[in-house]
1. Answer with yes or no whether A:Gly310 is out of contact with any Phe, Trp or Tyr (no Cβ under 9 Å at 6 or more places or on another chain) and free of Cβ contacts under 8 Å to residues at least 24 places away in the same chain.
2. Give, as residue ranges, the helices (runs of 4 or more DSSP H) completely inside region A:15-128 that count at least 2 residues that are assigned by TED's automatic domain parsing to the domain that holds A:Phe152 and farther than 23 Å from A:Ser412 by Cβ.
3. Need at least 3 residues that are in the same structural domain as A:Ile415 (by TED's automatic domain parsing), of a type outside the set (A, V, I, L, M) and within 23 Å of A:Asp432 (Cα to Cα) per element, so show me which helices (runs of 4 or more DSSP H) inside region A:270-358 make the cut, counting only ones lying wholly within it.
4. Out of A:Gly140, A:Gly185, A:Gly161, which single residue is in contact with a helix residue (DSSP H, G or I) (Cβ under 9 Å, 6 or more places away or on another chain), within 13 Å of chain B (Cβ to nearest Cβ) and small (Gly, Ala, Ser)?
5. Name the helices (runs of 4 or more DSSP H) wholly within region B:193-304 that hold at least 1 residues that are surrounded by fewer than 20 Cβ atoms within 10 Å (Cβ to Cβ) and among the small types (Gly, Ala, Ser)?
6. Could you list, in sequence order, the residues of region A:447-465 that are surrounded by 15 or more Cβ atoms within 10 Å (Cβ to Cβ) and farther than 11 Å from A:Pro151 by Cβ?
7. May I ask you to verify whether B:Leu178 is modelled with pLDDT of 90 or more, away from chain A (no Cβ under 14 Å), surrounded by 16 or more Cβ atoms within 10 Å (Cβ to Cβ) and closer than 30 Å to A:Phe35 by Cβ?
8. Of all the residues that make up region A:191-223, how many are of a type in the set (S, T, N, Q) and touching an Asp or Glu at 6+ places or on another chain (Cβ under 8 Å)?
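The values are calculated or read from the model by the stated rules, or taken from the named source; none is laboratory data. Computed from a predicted structure; not experimentally measured. Glycine also receives a Cβ, built like all others from the backbone with ideal geometry; neighbour counts cover every protein chain displayed.
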Amino acid sequence: MKTVLKGASLFALSMLAAANSAYASKADDTLNIAFTKELENVDGYFNSSREGVIMQRTVWDSLMYRDPATGEYKGNLATDWKWVDDVTLDLNLRKGVKFHNGADFTADDVVYTVNWVADPSHGVKTQRNVDWMKSAEKLGDYKVRLHLKAPFPAAFEYLSGPVPIYPHEYYAKVGPSGMGQHPVGTGPYKVVSVEPGKHFVLEKFDGYFKDSPKGQAKIGHLDIRTIPDINTEAAELFSGGLDWIWQVPADQAEKLKEMDQFTVANESTMRIGYIDMDAAGRTGEKNPMTDVRVRRAVAYAIDRQAIVDGLLKGKSKVVNAACFPTQFGCTQDVTKYEYNPEKAKKLLAEAGYPDGFTIDFYAYRDRSYAEALANYLNAVGIKTNFKLLQYSALRELRMKQGTPMSFQTWGSYSINDASAIVSQFFKLGSLDTARDEEIKKWLDVADSSIDPEKRKEYYAKALKKIADQAYWVPLFSYNANYVFTKDLDYTPTTDAIPRFFQMSWK
Amino acid sequence: MIYTLKRLGLAVLVALAVSMLSFALLHLSGDPASAIAGESATDADIAAIRAFYGFDRPLIVQYADWLFSALRGDFGESYYFQLPVAQLIGDRLSITMTLGICGISFAILTAVPLGVAAAVRPNSMIDRMALFISVMGQAMPSFWFGLVLVVIFSIKFRLLPPSGTESWKNFIMPTVVLGYYAMPAIMRLTRAGMLDVLSADYVRTARAKGASEMRVMFKHALRNAIIPVVSLSAVQMGFMLGGSIVVESIFALHGAGYLAWESIGRNDLPTVQALILIFALFYIVFTFLSDLLNAWLDPRMRVG
């Protein structure tokens with residue numbers, strides 16, 4: 001309620017107040033950017049936030065680069081590569097690349113970075129990004145061999161994203177805390193100053209290697225500030241203090257669009273929302289969610305399209321499978337449940353609940369979406385006892401004793417491979433509410449097979465069974481609104497990673 | 001002297017109790033390991049983190065460990081920022097302190113004169129105005145008031161920056177918002193105190209012996225009426241330091257209040273623990289100072 005009031009009040013007033021904006025930023029070649037969340041550590045191995053991913057792509061390079069438009073893997077710090085066998089990858093490295101501190105990039109940097117992050121005792125926070133690598137070995141000054149723990153088909157996806165290469169001498173000296181405060185990479189922008197969590201100033205790196213697939217940075221300076229309140233961000237935008245903001249709520253983005261003072265762009269993200277149900281009966285054998293008819297009834301009860309149209313808006317779409325449609329292996333050719341409350345009631349009656357039942361329904365974000373879901377469930381007789389918890393509290397509850405039903409979301413860490421979501425939750429881990437042995441077996445095959453066709457086949461098997469058994473009710477994909485000055489040329493991408501090095505002034 | 005020592009001893013005990021209670025509450029409220037591990041962590045990651053930070057040890061051992069380090073001035077490293085807590089807090093505390101001092105000064109400097117003026121002419125226009133201003137202050141939520149100021153002074157007239165801490169200009173709107181929230185209580189108390197005192201015998205005596213109205217007001221009346229106001233201001237000051245979260249968030253000030261609020265959500269125990277201790281110490285110091293100040297203003301209190 002408070003945030004609604006806040007939003008309504010500021011936007012009503014700003015409509016009156018906003019008359020003209022001074023576009024000073026283009027003149028001094030500085031893009032003023034706002035983050036909403038405090039970034040904990042700029043060292044990409046020691047943060048798990050979206051802001052960290054963005055910084056990592058801006059300041060560092062990975063061995064490969066996935067073109068967001070075509071999905072093709074291109075050489076970045078590596079020029080070409082070859083699988084020696086299922087668990088050994090040889091890479092030739094690019095010559096003539098320099099770090100921001102002047103050090104030359106060589107095989108030593110790759111070997112040091114990989115061996116350091118792959119060692120669990122160093123406590124890399126994003127283990128899933130690195131725990132598939134065993135070690136790296138120097139074959140020459142510009143040639144390395146990467147050893148995997150087991151066959152890992154999604155390797156390129158990780159090598160082109162969350163595995164940045166660090167300068168070995170510098171990192172050995174300063175460690176994660178030093179890297180976070182004085183970052184040094186090879187990327188298109190170098191960091192001028194860091195005030196932890198608050199303010200980051202970046203400058204175009206003139207020594208950036210010419211044939212990078214990322215292209216050369218065009219804007220001279222980036223000034224990134226953390227402004228937690230979206231209304232304040234909007235105020236800064238109006239007063240000329242900011243040029244670019246994102247993750248603007250749908251209703252506010254609409255109003256800003258009407259004003260026609262800024263470019264308002266919308267793009268899908270990889271995050272999907274879903275309802276997770278206790279099919280395995282961890283919260284009690286008699287829990288109604290153990291009955292497949294009840295789970296299907298839940299799926300039929302919800303008008304997902306109406307929620308997308310009314311609340312999420314933008315490029316959000318209804319999803320039917322337990323993954324994001326662009327992810328490798330994510331087929332949408334699975335059982336679909338249309339909105340049919342009568343059918344839901346019938347199924348509930350068949351399951352022995354003609355008058356419905358009462359159940360605890362948990363959520364941790366997007367209260368309005370969760371309440372809409374609860375309303376649809378109430379309408380067919382599933383009376384929800386709604387509980388909104390902090391993320392970590394709900395997660396702990398789900399891991400330790402399970403919850404009968406909860407509204408969850410997952411962003412797959414922008415990894416464009418179904419393993420980043422379906423294998424995360426359906427391989428009998430503590431967040432696996434289905435605990436289906438057969439699905440785990442299929443996913444094991446899909447996750448470790450090198451043959452893409454075989455992978456697709458086995459992900460499809462798993463996803464079909466998940467949909468058929470209604471272990472999850474996949475709901476919709478999320479979207480992000482980007483609002484920026486009309487002087488800026490920028491097109492958002494579906495992976496929700498703003499690439500500042502591809503932005504330019506008009 | 002004994003009075004001072006007694007108060008100090010009590011203060012230390014309060015600080016210790018606060019630290020124990022907050023430590024227990026934080027550990028009961030959720031698993032710090034899964035909060036640190038973040039969204040994409042697997043069960044194994046969380047187990048590794050639990051062992052790495054020693055969350056698998058008995059709570060009392062963890063507390064003792066923390067307490068002994070803290071006593072040596074070592075608050076440990078923030079789980080979230082991977083920075084020494086002292087470094088993290090030092091920077092942000094100065095912002096909150098500046099804001100708190102400006103806020104309370106603003107509140108006192110507007111509230112006391114208004115309160116006196118209202119008391120001198122009860123039920124007059126001035127009294128009504130003062131009442132109106134104070135009711136507004138209490139009724140307006142600070143997030144709304146803050147945004148209204150932003151719209152007027154940043155967007156419409158472009159006089160003040162809406163966010164940040166680069167210059168003194170950044171502190172004007174936050175000071176007004178924070179101060180305005182504390183002002184009504186101080187104003188009402190000043191007014192009530194003055195009304196009380198103005199009808200007291202010694203004020204009549206002072207007037208009877210021909211003291212000037214100014215002298216009666218400030219030397220005889222205000223000095224007595226202000227005593228509860230001093231105590232209240234001390235509490236308000238403590239409240240401002242810990243409770244400026246909303247203001248810090250709206251104006252993106254990144255002060256200690258906002259840090260505390262965010263750190264609770266992140267289960268960043270060393271940071272929260274250190275901040276709670278510091279906030280508790282502030283309350284204690286301000287209450288202590290106000291006791292001393294009141295003892296100076298009113299000799300009768302010195303016996304207590």
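1. Working: out of contact with any Phe, Trp or Tyr (no Cβ under 9 Å at 6 or more places or on another chain): yes; free of Cβ contacts under 8 Å to residues at least 24 places away in the same chain: no.
Answer is no for this residue.
2. Details: elements: A:24-27, A:50-59, A:107-118.
The helices (runs of 4 or more DSSP H) meeting that bar are A:107-118.
3. Values: elements: A:292-301, A:304-307, A:341-350.
Counting at least 3 such residues, we get A:292-301.
4. Working: A:Gly140 fails: within 13 Å of chain B (Cβ to nearest Cβ); A:Gly185 fails: within 13 Å of chain B (Cβ to nearest Cβ).
Answer to the check: A:Gly161.
5. Values: elements: B:201-208, B:227-243, B:245-250, B:256-265, B:269-297.
Qualifying helices (runs of 4 or more DSSP H): B:201-208, B:227-243, B:256-265, B:269-297.
6. A:Lys456, A:Glu457, A:Tyr458, A:Tyr459, A:Ala460, A:Lys461, A:Ala462, A:Leu463, A:Lys464, A:Lys465
7. Working: modelled with pLDDT of 90 or more: yes; away from chain A (no Cβ under 14 Å): yes; surrounded by 16 or more Cβ atoms within 10 Å (Cβ to Cβ): yes; closer than 30 Å to A:Phe35 by Cβ: yes.
Yes, satisfied.
8. Looking only at region A:191-223, we keep the residues that are of a type in the set (S, T, N, Q), and these are A:193, A:212, A:216.
Right, trim to touching an Asp or Glu at 6+ places or on another chain (Cβ under 8 Å) and you get A:212.
So the count comes out to 1.
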